[in-house]
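Participant: Pasting in a structure now, in structure tokens, and then I'll have a few things to ask.
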Number of protein chains: 2
Amino acid sequence: MAHEQNKAVARNSLLLRSLPDQHVETLLSHGSFRHYDRGETIFLQDEEAAEIHVMIEGWAKLFRIAPNGSETVVSVFARGESFGEAVALKGARYPVSAEAVTPAEVLHIPSSLLVSLMKQEPQISISILASTFAHLHSLVEQLEQLKAQTGAQRVAEFLLKLCRCDSGGCEVVLPYDKVLIAGRLGMKPESLSRAFARLKTAGVEIKKNHAVIEDVQKLRGYAEIDPAEAWHKGGTAQ
Amino acid sequence: MAHEQNKAVARNSLLLRSLPDQHVETLLSHGSFRHYDRGETIFLQDEEAAEIHVMIEGWAKLFRIAPNGSETVVSVFARGESFGEAVALKGARYPVSAEAVTPAEVLHIPSSLLVSLMKQEPQISISILASTFAHLHSLVEQLEQLKAQTGAQRVAEFLLKLCRCDSGGCEVVLPYDKVLIAGRLGMKPESLSRAFARLKTAGVEIKKNHAVIEDVQKLRGYAEIDPAEAWHKGGTAQ
DNA sequence: CGTCATCCATGACTATGGTCAAGGATACAG
DNA sequence: CTGTATCCTTGACCATAGTCATGGATGACG
């Protein structure tokens with residue numbers, strides 16, 4: 001049965017994998033698996049949070065709609081990752097909305113259950129804090145990237161994170177469509193196109209939905225150094 | 001003795017105020033208060049985190065130095081706020097550095113102590129999660145602001161957060177120097193100057209280190225609407 | 001096979017903000 | 001009062017990316 005598959009993934013999720021089996025079973029038996037179609041809403045900004053969400057299959061994005069109508073993608077989650085921990089435990093309202101960007105399978109765990117387990121088993125708190133910290137960390141990284149790097153450099157880092165090789169050439173599949181990649185990297189689709197075009201200089205070729213990286217080291221260099229320097233080899237002022 | 005003052009502030013901090021007195025006393029008696037001069041380092045990126053930090057007096061910034069040398073201010077903390085909870089409990093390395101930006105008094109609480117208290121008192125975990133969530137939330141807001149607002153709009157929101165009035169006029173004191181404000185808002189000091197200049201349109205006058213807001217509502221309007229529309233009153237496409 | 005829709009690339013134009021350089025204000029020391 | 005340091009503002013210039021408009025590729029469907 002598909003549920004067994006799902007449970008296996010859940011047991012391996014970042015949130016649950018370090019918990020004692022007994023508690024994992026309790027959580028699984030009270031949690032619910034649900035399917036979402038592409039584009040379907042998982043929760044909305046300002047809704048009261050009562051559940052923690054674990055991605056079992058597919059991708060989901062967290063995003064905010066600003067008063068002026070523009071959308072900001074805050075993060076994108078894949079199989080094994082979870083979100084909403086801190087909000088749900090605080091019983092606060094979601095600061096973001098969540099939506100499936102591919103067909104997706106999500107495990108929902110009621111936060112009340114977690115709170116009561118936390119009282120018995122402090123290890124759970126540590127687990128939750130750990131995954132919350134991971135989000136914190138990734139947001140900090142995003143902030144830095146947004147403030148200190150150009151669009152093309154952010155794309156370069158994005159590609160580097162996707163490919164698992166340390167050196168030499170590499171070919172990666174773009175995990176979701178370009179509109180979403182652009183959003184995730186804080187730019188418009190048009191800018192993403194242009195960023196791809198610039199990366200040809202750094203030995204990257206885009207074909208359909210996969211990218212061919214000629215030399216990982218070279219690309220890494222492009223991502224980290226100020227682009228002006230990559231050009232005419234100047235010295236930094238400070 | 002000054003220590004009593006300090007302890008009073010600590011007891012009122014966001015992290016400790018909701019804890020039972022008994023535990024607060026334990027934490028205080030094992031924590032240490034320390035003074036920092038302006039510009040002094042509190043901790044460095046990549047150091048191992050073993051303490052939680054509570055601001056008692058003054059201001060501190062969290063920041064990252066990118067490989068290319070540019071600094072990103074991630075957050076600024078004031079009296080009563082705390083940072084480093086999630087990292088310290090996970091025993092990970094700091095993803096950011098911290099530095100006093102004014103003369104400051106900081107309470108350091110060993111994380112090992114907190115871990116053992118968490119085992120006795122689940123309420124502590126909730127407290128910590130709450131303040132971690134607050135950070136998470138503020139980072140999300142920053143991301144949104146950076147992606148969806150212009151510099152002048154970010155400055156407008158910054159001023160609005162400082163003034164506690166809901167309508168009418170208002171005068172606020174800029175809490176720290178303009179270089180830091182600029183950093184906190186993701187821009188260079190020059191851009192901050194220009195943003196201030198633009199805000200004259202929205203009824204804001206800057207004199208030395210305080211800002212006079214003519215009409216809070218008006219400024220709020222400026223912060224939220226797309227600046228192009230504030231100009232020629234167009235309709236949004238989408 | 002043609003039609004239509006979707007997604008993506010590209011061009012032209014504009015605005016926002018970074019960089020560099022210069023100049024004004026303020027505070028403080030002598 | 002003068003010299004100096006620090007901080008802030010302003011101007012000129014330019015790179016980056018947003019906006020708008022167009023056109024091409026791909027794929028679903030009749």
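Participant: Quick check: is even one residue across the stretch B:111-122 buried (at least 19 other Cβ atoms within 10 Å of the Cβ), more than 7 Å from chain A (Cβ to nearest Cβ) and at pLDDT 95 or above?
Facilitator: Looking through the stretch B:111-122, none of the residues is buried (at least 19 other Cβ atoms within 10 Å of the Cβ), more than 7 Å from chain A (Cβ to nearest Cβ) and at pLDDT 95 or above.
To keep it simple, each residue is scored yes or no on (1) more than 16 Å from DNA strand D (Cβ to nearest atom); (2) without any contact (Cβ under 8 Å) to a residue 12 or more places away in the chain; (3) basic (Lys, Arg).
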residue	(1), (2), (3)
A:LEU162	yes, no, no
A:GLY168	yes, no, no
A:PRO175	yes, no, no
A:VAL179	no, yes, no
A:SER191	no, no, no
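Participant: Assess whether A:PHE63 counts as being within 18 Å of A:TYR176 (Cβ to Cβ), in contact with a strand residue (DSSP E or B) (Cβ under 7 Å, 6 or more places away or on another chain) and aromatic (Phe, Trp, Tyr).
Facilitator: The answer is yes for A:PHE63.
Participant: I'm checking my understanding of the structure. Among residues of the stretch B:1-27 that are without any contact (Cβ under 8 Å) to a residue 60 or more places away in the chain and of a type in the set (A, V, I, L, M), which one is surrounded by the most Cβ atoms within 10 Å (Cβ to Cβ)?
Facilitator: Step by step, filter the stretch B:1-27, then rank; the result is B:VAL24.
Participant: Would you mind listing the helices (runs of 4 or more DSSP H) fully within the stretch B:111-189 where at least 2 residues are outside the structural domain of B:GLU71 (by TED's automatic domain parsing) and farther than 25 Å from B:VAL96 by Cα?
Facilitator: Answer list for the stretch B:111-189: B:151-162.
Participant: Are there any pairs with C-beta distances below 8 angstrom linking a residue in the stretch A:139-150 that is more than 7 Å from chain B (Cβ to nearest Cβ) to a residue that is away from DNA strand C (no atom under 13 Å from the Cβ) and basic (Lys, Arg), with the two at least 6 apart or on different chains, and if so which?
Facilitator: A:GLN145/A:ARG154
Participant: So in the stretch A:156-179, with the set limited to residues that are within 16 Å of DNA strand C (Cβ to nearest atom) and within 14 Å of chain B (Cβ to nearest Cβ), which one is least open to solvent (accessible area, probe 1.4 Å)?
Facilitator: Among residues in the stretch A:156-179 that are within 16 Å of DNA strand C (Cβ to nearest atom) and within 14 Å of chain B (Cβ to nearest Cβ), the one least open to solvent (accessible area, probe 1.4 Å) is A:ALA156.
Participant: Given the structure, is A:ALA195 open to solvent by 50 Å² or more (accessible area, probe 1.4 Å) and either at pLDDT 90 or above or within 11 Å of DNA strand D (Cβ to nearest atom) (or both)?
Facilitator: No, not satisfied.
Per-residue answers, yes or no, for (1) away from chain A (no Cβ under 14 Å); (2) surrounded by fewer than 23 Cβ atoms within 10 Å (Cβ to Cβ); (3) in contact with a His (Cβ under 8 Å, 6 or more places away or on another chain); (4) over 29 Å from A:LEU146 (Cα atoms):
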residue	(1), (2), (3), (4)
B:ASP46	no, yes, no, no
B:ALA49	no, yes, no, no
B:SER82	no, no, yes, no
B:THR102	yes, yes, no, no
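Participant: Taking the conditions exactly as written (within 15 Å of DNA strand D (Cβ to nearest atom) and either in contact (Cβ under 8 Å) with a residue 60 or more places away in the chain or touching a helix residue (DSSP H, G or I) at 6+ places or on another chain (Cβ under 9 Å) (or both)), does A:GLY91 satisfy them or not?
Facilitator: no
Participant: OK, next. Out of the residues in the stretch B:198-225 meeting the condition of being within 15 Å of DNA strand D (Cβ to nearest atom) and assigned to a loop (DSSP other than H, G, I, E, B), tell me which one is surrounded by the most Cβ atoms within 10 Å (Cβ to Cβ).
Facilitator: By that ranking, first place goes to B:ILE225.
Participant: Assuming B:GLY203 fulfils every condition listed in (1) at positive phi; (2) at pLDDT 95 or above apart from one, which condition is it?
Facilitator: (2)
Participant: Please enumerate the residues belonging to the stretch A:56-80 that are within 14 Å of chain B (Cβ to nearest Cβ), among the aliphatic types (A, V, I, L, M) and not in a loop (DSSP other than H, G, I, E, B).
Facilitator: A:LEU62, A:ILE65, A:VAL73, A:VAL74, A:VAL76
The values are calculated or read from the model by the stated rules, or taken from the named source; none is laboratory data. Note that the coordinates shown come from a computational prediction; the quantities given were computed from them, not determined experimentally. So basically every Cβ, Gly included, is an ideal-geometry build from the backbone, and we count neighbours across all protein chains shown. Heads up: the accessible areas ignore ligands, DNA and RNA and are worked out on the full protein's heavy atoms, side chains in. Shrake-Rupley method; radii C 1.70, N 1.55, O 1.52, S 1.80 Å.
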